[in-house]
Amino acid sequence: MQFQQLQYFVAVAETRHFTRAADLVHVAQPSLSQQIKALERELGADLFLRARGNITLTDAGEALLPLARRILADADTARHEVQELAQLRRGRVRLGATPSLCTGLLPDVLRAFHDRYPGIRLLIEEGGSHDLVRELARGALDLALVVLPLPTPSPALTTVELLREDLVVVSSPEAPRPGGGRRTVRIADLEGERLVMFRHGYDLRELTVAACRAEGFEPDFAVEGGEMDAVLGFVRAGLGVAVVPRMVAARSGRGLRVTPLARPGLHRTIALAHRSDVAPPRAARELQRMLLQR
């Protein structure tokens, strides 16, 4: 019994016509008929009752049909799985992330992914959550790390919470300690401090400004408009203090004093997002798995 014979048998069973079945599987009708006869000889039973203009299944054909369909489906699944495994030897993953996550969370995960799948090209796009959601929606990204809640909730996106990260205050070791030198700083203590502030559209900007306003004051900006590296550089230079994620502060090396925020503090929730209507490619799903299990 040959795999091709089962394909031809199922085609005839579904079309109830040898010529239409031959067209369906892209083979000449005499060849298809010969293969069906060979299959019948192999099985020792007729599979079809052949009458002019009327092809019906015999009892043997009825018994074989679900088995043949299952065999063909299993073969198709096997082919698909092997092809997807092959994709992990080559291909690309398009990942969007906020700049702070590119600095804090991603380096270790991407290094582990690259060590395991060196043939996969990683394309990283930095941006705010609003921009990344838009890029996901138009199909320009496979996955994105975004800050919840999303600026514009979208039913077309699936999000999975990844982590809840504390924010801390960073300052220059040569400058006075924020909050009068206490071991922790309250948001209210930032009143009167000069802040180094991120550009508009940056998730951390909105979060910090909203927290200050909730305490009844407008933050005073010494410098504003930078990305993460610029903000950290301005803080090292003593231009002011900044509120940044703990992971970023931990990876930023010398030149920064890190002061935790007093309870309840400030936090942000990071989620992994992808389109709901399209499954991410195999390589992207593997990166997703590594991020979720990091």
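Taken along its three principal axes, the alpha carbon spread of region 224-294 comes to 47, 28, 22 Å, from the longest extent down to the shortest. Applying D = kT/(6 pi eta Rh) to the chain, where Rh is the Kirkwood radius over alpha-carbon pairs, T corresponds to 20 °C and eta to 1.002 mPa s, the Stokes-Einstein value obtained is 91 µm²/s.
Protein heavy-atom accessible surface, 1.4 Å probe, per residue over region 177-272: 49 Å². Normalised by 2.2 N^0.38 Å, where N counts its residues, the alpha-carbon radius of gyration of region 99-147 equals 1.21. Applied to region 250-257, the Karplus parametrisation 6.51 cos²θ - 1.76 cosθ + 1.60 on θ = phi - 60° returns per-residue 3J(HN,Hα) values of 5, 8, 8, x, 6, x, 9, 9 Hz, with x for Gly and Pro.
Within the shell of other residues whose beta carbon sits under 12 angstrom from the beta carbon of Gly238, the net charge comes to +2, with Lys and Arg scored +1 and Asp and Glu -1.
Computed from label points 7 Å out along Cα-Cβ, the spacing between Arg52 and Arg263 is 9.2 nm.
For region 19-157, the ratio of Cα radius of gyration to the globular rule of thumb 2.2 N^0.38 Å stands at 1.83. Spin-label model, Arg116/Ala210: points 7 Å from Cα along the beta carbon direction are separated by 3.4 nm. Protection proxy ranking of 190-202, 37-49, by the mean of other Cβ atoms within 10 Å over each peptide's residues and highest first, is 190-202, 37-49. Here the Karplus relation 6.51 cos²θ - 1.76 cosθ + 1.60, evaluated at θ = phi - 60°, turns the backbone of region 66-75 into coupling constants of x, 5, 5, 4, 5, 4, 5, 5, 5, 5 Hz, with x for every Gly and Pro. Simple spin-label estimate for His80 and Asp277 gives 2.0 nm between the two label positions (7 Å along the Cα-to-Cβ direction from each Cα). Under Stokes-Einstein, with the Kirkwood radius over Cα pairs as Rh, the value for region 176-294 at 4 °C and 1.567 mPa s is 80 µm²/s.
The values are calculated or read from the model by the stated rules, or taken from the named source; none is laboratory data. Just so it is clear, the structure is predicted and the values come from calculations on it, not from any experiment. Positions of Cβ are backbone-derived with ideal geometry, glycine not excepted, and every protein chain shown enters the neighbour counts. The area values use the complete protein model at the heavy-atom level, side chains included, leaving out ligands, DNA and RNA. Shrake-Rupley method; radii C 1.70, N 1.55, O 1.52, S 1.80 Å.
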